Amino acid sequence: MTRKTIVHVNRQNIARNTKTDKAHDDGELSGSEYQSAIFPVLTAKDYRSNRKGQSAEITVDGRVIGRFCSEWAGDGQLSCGARVWLEIYEGDGVAINVR
């Protein structure tokens, strides 16, 4: 049975984390305070559960074909300023169709 999973990008948590980053950079938060103040920016939702985190992998038959990345997972920011993005690893039947 195929079940649908939705990966939700939480814009509000991205905004909170950005403010927390600024407070940490300004010296207002210590390292442990900073880590406890960071909110998960991704939620993978299906009919059974909500799983939250800073990154998520998309796998097919045990092979990773894509990954949701974020600044708070240690990936840094993209040069365009994006804080959360999706990387797809094309090949072996994986194709991206933009509409």
Using +1 at the C-beta of Lys and Arg and -1 at the C-beta of Asp and Glu, which of Asn50, Gln77, Val94 has the Cα lying farthest in the positive direction of the dipole of the range 46-99? Asn50
With at most 12 neighbouring Cβ atoms within 10 Å, loop GluC sites (Glu not before Pro) (DSSP) excluded, longest segment of the chain: 29-89
Tell me, what ³J(HN,Hα) does each residue in the range 77-89 have, in order and in whole Hz, if you take phi through Karplus 6.51 cos²θ - 1.76 cosθ + 1.60 with θ = phi - 60° and put x for Gly and Pro? 9, 6, 4, 7, x, 5, 9, 9, 7, 10, 10, 10, 9
A correct fewest-to-most ranking of His8, His24 by other Cβ atoms within 10 Å would be His8, His24
Which value, in debye to the nearest 20, gives the size of the charge dipole of the chain about its Cα centre, when Lys and Arg are +1 and Asp and Glu are -1 at the Cβ? 640 debye
For the chain, calculated [θ]222 nm from helices alone, where every DSSP H run of n ≥ 4 adds -39500 (n - 2.57): -6500 deg cm²/dmol
Which chymotrypsin sites (Phe, Trp or Tyr not before Pro) from the range 10-99 combine a DSSP loop assignment with at most 13 other Cβ atoms within 10 Å? Tyr47, Tyr89
Per-residue HN-Hα couplings for the range 35-41, Karplus 6.51 cos²θ - 1.76 cosθ + 1.60 at θ = phi - 60°, whole Hz, x for Gly and Pro? 4, 6, 8, 7, 9, x, 9
Could you give the angle, 0 to 90 degrees to the nearest 10, between helix 11-25's Cα long axis and the longest principal axis of the Cα atoms of the chain? 40 degrees
Taking Lys22 as the anchor, which aspartates and glutamates have their alpha carbon closer than 16 Å to its alpha carbon, excluding any fewer than eight residues away along the same chain? Glu33, Glu71
What is the sum of charges around Val7, taking Lys and Arg as +1, Asp and Glu as -1, for the other residues whose C-beta is under 12 Å from the C-beta of Val7? +3
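A short reminder: the numbers here are calculations on the coordinates, not readings from a lab. What you see is a predicted model, and the numbers here were worked out from it, not measured in a lab. FYI the Cβ positions are ideal-geometry reconstructions off the backbone, even for glycines, and counts take in every protein chain you see.
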